[in-house]
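The values are calculated or read from the model by the stated rules, or taken from the named source; none is laboratory data. These numbers were taken from a predicted model, which means no experiment stands behind them. With ideal geometry, Cβ positions are generated from the backbone for all residues, glycine too; neighbour counts draw on all protein chains shown. Side chains are part of the model used for accessible areas, which takes the heavy atoms of the whole protein and leaves out ligands, DNA and RNA. Shrake-Rupley method; radii C 1.70, N 1.55, O 1.52, S 1.80 Å.
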Amino acid sequence: MFNSIAQFFSKAVKSPEIRRKLIITAVILFVFRLVAHIPAAGIDRASLQSLFSGSPLLSLLDVFSGGTLANFSIMALGLNPYINASIIFQLLGYVVPALEELQKEGEYGQEKINQYTRILTVPLAAFQAFAMYSLLRSQGIISTFSPLALLTLIITMTAGTVFAVWLGELITQYGFTNGISLLIFAGIVARLPITLGQSLTVVQSQDILKVIIFLVLSVVIVGLIVFMNEATRQIPISYARRGANSPMSSSYLPLRLNQAGVIPIIFAVSLVLIPSMLSQFLVNSKVPQLAAVAGFMAVYFKPQSLVYNLFYFLMVVGFTYFYTAVVFNPEKISENLQKNGGFVPGIRPGTQTAKYLSFVLNRITLVGAIFLGLIAILPSLFQNAIGVANLAIGGTGILIVVSVVLEITRELEAQLVMKKYDTFIR
């Protein structure tokens, strides 16, 4: 197995085009990690580290900032404002007719929506920078208040977010697809040795049996993630004969169990953290009603609570169905099959085929959605079962890492196959 993997990457490196993409991606990731260590001014580092070490909520938020929030670098907000802007426009696409028309216009419409998303990212980043400043000030990490210092911090953090989004889009354009996920992947991998070491230290100090359970579960989870990402439902497709003596051909339409990848968890985290963040601001409010609401959210929406995990699970399941509906259109697939003379055996072309594909897709998406939901709440299950509080990013982080690696591997395989076909044609 290791020999085949080595041979695969050896062939990939020998290709000039793939080698260029690898170099560009590596350089951009290096710049991203370098800038992630440039600290923002006016922050008490010791107090910040103690705050993050005692808050699984902030540790989880740090994952989706690409590992920049714990250091409170100039890119402390990371990609969160861009992700939130993407969620807003994808939801508006179902209620705003103009955006719905843009979504149907293919590459041009998607580029316009991406441009609107970038524009919305700027005010969202400024708002989140102010919210982060208020949170840190309430925790005593920022002790001085100055309008000029506040304005400087907001501009710096907003510029850092825009720079991170630009780096992600550079990777998408000149390197590998989905550069945003690759930046999050880089942040998780950079923090993985520290997180793993802390987790093993905690477990070893308690019981050797927990070490074995931890290692076994880690291997099982990685295996399940790979299996679910690669699992497909093969829909048989037959093509009508175009001539009197032409035999009928057949093929398969693969429907992946996990069509949405890691996007539902990234979207869900951006929303599920809102009640916990609001409780931090409203807990000291002078209005009794707001203080009571903040107390309720602080108790029932902490990462270890049942309400938080149930809400998180349902959000992941909902976003899985939502994003699957965005990326897979049964009506369009049915229309393309009918135009090319293809049909599902036993199913009438057209509307009946679209209904059949929707029926199958909803059933397999349910399995994938439940799996993603369980992966999302895995940290709480770990903490309650074996007492490993440091694994606050365990399931989500592993899912993102494995999914990005599989996606890059599939892209490399596709490019190697395409190169082989080009050589054959010549």
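Here are a few things to note about the model shown:
- Restricting S238, S251, S246 to residues that are at pLDDT 75 or above, over 31 Å from the mean Cα position of the chain (by Cα) and open to solvent by 40 Å² or more (accessible area, probe 1.4 Å) narrows the list to S251.
- Condition met for T121 (under 19 Å from S73 (Cα atoms), in contact with a Phe, Trp or Tyr (Cβ under 6 Å, 6 or more places away or on another chain) and not hydrophobic (A, V, I, L, M, F, W, C)): yes
- Residue in segment 311-328 that is closer than 28 Å to L124 by Cβ, open to solvent by 80 Å² or more (accessible area, probe 1.4 Å) and modelled with pLDDT of 80 or more present: yes
- Filter result for A149 (modelled with pLDDT under 85, over 27 Å from the mean Cα position of the chain (by Cα), surrounded by 14 or more Cβ atoms within 10 Å (Cβ to Cβ) and part of a helix (DSSP H, G or I)): yes
- Test set (1) at pLDDT 85 or above; (2) surrounded by fewer than 19 Cβ atoms within 10 Å (Cβ to Cβ); (3) farther than 19 Å from S251 by Cβ - Q383 fails condition number: (1)
- Restricting attention to segment 69-85, the residues that are touching a residue at least 40 places away in the same chain (Cβ under 8 Å) and in a helix (DSSP H, G or I) add up to 5.
- Candidates are the residues of segment 16-30 that are open to solvent by 50 Å² or more (accessible area, probe 1.4 Å) and not small (G, A, S); the one that is farthest from V404 (Cα to Cα) is P16.
- F296 falls short on exactly one of the conditions (1) touching a residue at least 24 places away in the same chain (Cβ under 8 Å); (2) open to solvent by 60 Å² or more (accessible area, probe 1.4 Å), and that condition is (1).
- When I194 is tested against (1) modelled with pLDDT of 80 or more; (2) assigned to a helix (DSSP H, G or I); (3) open to solvent by 80 Å² or more (accessible area, probe 1.4 Å), only condition (1) is not met.
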